[in-house]
Amino acid sequence: MANIKPMVAVAADLLATSPKEDYRFHFCIYHSQFPLAVRSYIENKLDKALQRTSAEHIPEQKEIASALRQYPEKNQVFIVLATPVVEVGRDHDYDWAIAEPSSMRSIIQLAGRVQRHRGIEPECENIVILNRNIKALMRKSPAYCRPGFESQKTLLNEHDLSRIVATSCYKTISATPRIVEPDFADNNNKFVAIEHKALINILFRDKEQNACSWWLHPQAHLFGEMQVRLPFRSSQQTANYFLFVDEDGECTFRCYDENAKTYVEDSRITPWDEFVMADRNQAWLQIDVHKNYAQLATMLTEPLDTVSAIYGITSLQHKDGEQYLYHPLLGIFSGSYLDND
């Protein structure tokens, strides 16, 4: 899914809904807003499980093998619910994928994680692309943005992908739609066309707002004006928070006080306990923050406070009044995730 807040809402609903008889679902929630040590732990486990050179590889993984021994259901289904962090930089091999669309680029990247290693020819479709994203369902415009390429300059008249994406772009997914310039007059392929328009605008036309177009000029690298015009990620104000764990396993979120030169407790992130797991649903990975930190402390021969200050970090968008919730399985997410917006 494209964004963390709606993904957590969907995850909470799925986890609260029992699968049908003789099925057990094992969920892993994976996005960027986990403390660094926890995210690293999740990525390490997924990297090992999803390096799939053969069909026999998966049952050999510790957590999966344990689940297969422990539970009687015939169908043990292991599911990763993820944001776009799964699309780039992760060498994972999945059996199938369900994608909330944001851009053609995103769809192509995700398709590269299905049968990535084994290359087994599927007997039926193994990727489902939803015909709208969450923002489009809520009638927001632009909808395919953050992530995505739709903007006020490149607005779509409608957001049903069955009407704005050519069949050839998704029946067999490849990088071709991103490389070959589309017919911009073709109303049946507007979803792809707006990506090309956005890139053309950024690279060649909008020199006031997009300093990257000036890099085409000789000797532009001799000056610092490009960086002044367009600071990296300047549109997103972020703040760092740290999950501290003490010897008793007590967890508190803190921020760094520049004046006091120390870490102080911060109430912007609070634990969330109002969570119900339905029968035959469970966490794929058992996340024990205290155990993770303790292992790092032993390996580095450093106290838990030092480990917390280095590996407990997470970076969140800084918005006035924004409150966040934390759950070991779901990570850190906006406290307004159940709001209608």
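The values are calculated or read from the model by the stated rules, or taken from the named source; none is laboratory data. These numbers were taken from a predicted model, which means no experiment stands behind them. Here the Cβ positions follow ideal geometry from the backbone for every residue, glycine too, while neighbour counts run over all protein chains shown. Side chains included, ligands, DNA and RNA excluded: accessible areas come from the protein's heavy atoms. Shrake-Rupley method; radii C 1.70, N 1.55, O 1.52, S 1.80 Å.
Residues of the chain: accessible area per residue at 1.4 Å, in Å²?
Values: 19790 Å² over 341 residues.
Result: 58 Å² of accessible area for each residue.
Using a Gaussian network model of the chain with C-alpha springs under 10 Å, which one of Asp273, Asp320, Asp160 is most mobile by mean-square fluctuation?
So, out of Asp273, Asp320, Asp160, the one fluctuating most is Asp320.
Relative to the present Cα-Cα distance, how much length would full extension add between Arg118 and Trp214 at 0.36 nm per residue of separation?
Roughly 30.2 nm would be gained on extension.
Over the stretch 1-151, with every protein chain in place, what whole percent of the accessible area is carbon and sulfur at 1.4 Å, could you tell me?
Reported share for carbon and sulfur atoms: 50 percent.
Which residues does a label at Thr238 reach in the stretch 254-292, if reach means a backbone N under 18 Å from a point 7 Å past the Cα toward the Cβ?
Those under the cut-off are 254-256, 269.
Based on the alpha carbon coordinates of the stretch 1-43, what radius of gyration and maximum Cα-Cα distance (Dmax) apply, in Å?
Using the Cα atoms of the stretch 1-43, the pair Rg, Dmax is 12.6, 37 Å.
Give me the number: length gained by fully extending Tyr71 to Asn126, i.e. 0.36 nm times residue separation minus the C-alpha to C-alpha distance, one decimal in nm.
Fully extending the segment from Tyr71 to Asn126 adds 17.1 nm.
Within the stretch 95-113, find all residues whose amide N lies under 17 Å from a label point positioned 7 Å from the Cα of Lys140 along Cα-to-beta-carbon.
100-103
What does the charge dipole of the chain about its Cα centre add up to, to the nearest 20 debye, if the Cβ of each Lys and Arg holds +1 and the Cβ of each Asp and Glu holds -1?
Value, rounded to 20: 1080 debye.
Could you state the per residue volume, in Å³, of the convex hull enclosing the Cα atoms of the stretch 1-139?
Normalising the Cα hull of the stretch 1-139 by residue number yields 136 Å³.
If Lys and Arg each add +1 and Asp and Glu each add -1, what is the summed charge of the other residues whose beta carbon sits under 13 Å from the beta carbon of Leu15?
Details: positive: Arg24, Arg280; negative: Asp13, Glu274, Asp279.
Net local charge, Leu15 excluded: -1.
If I model a spin label at Glu258 and Gln295 as a point 7 Å from the Cα along the Cα→Cβ vector, what separation in nanometres do I get?
3.6
Compute the signed sum of charges (Lys and Arg +1, Asp and Glu -1) over the other residues within less than 15 Å, Cβ to Cβ, of Glu265. Kindly include the intermediate steps, with their values, before the conclusion.
On the way: positive: Arg254, Arg268; negative: Asp246, Glu250, Asp257, Asp266, Asp305.
Result for the local shell: -3.
What percent antiparallel are the DSSP beta bridges of the chain, to the nearest 5?
The antiparallel fraction comes to roughly 50 percent.
If R₀ is 41 angstrom, what is the calculated FRET efficiency for the pair Ile202 and Leu14, using the beta carbon separation as r and rounding to 0.05?
The formula returns an efficiency of 0.65 here.
Based only on the alpha carbon positions, what is the Kirkwood hydrodynamic radius of the stretch 138-180, in angstrom? It would help to have the intermediate numbers written out before the result.
On the way: mean 1/r = 0.0848 Å⁻¹.
Kirkwood hydrodynamic radius for the stretch 138-180: 11.8 Å.
Which lysines have a Cα lying under 16 Å from the Cα of Lys153, excluding residues fewer than 8 positions away in the same chain?
Candidates past the 8-residue exclusion: Lys140, Lys190, Lys197, Lys207.
How big, in percent, is the set of alpha carbon pairs in the chain lying more than 34 Å apart? Please list the in-between numbers first.
Values: 20774 of 57970 pairs.
Summing the P(r) tail past 34 Å for the chain gives 36 percent.
I want to verify a result. In a Gaussian network model of the chain, Cα cutoff 10 Å, which of these has the top mean-square fluctuation: Leu161, Leu300, Leu14?
Maximum among the listed residues: Leu300.
Please work out how much length the chain gains when fully extended from Ser315 to Glu247, using 0.36 nm per residue of separation minus the C-alpha to C-alpha distance, in nm with one decimal.
22.0 nm
Please list the three semi-axes, largest first and in whole Å, of the ellipsoid equivalent to the stretch 94-251, using sqrt of 5 times the eigenvalues of its alpha carbon gyration tensor.
Here the semi-axes work out to 30, 28, 18 Å.
Over 10 Å intervals from 0, what percent of Cα-Cα pairs in the stretch 50-131 sits in each interval?
15, 45, 32, 8, 0
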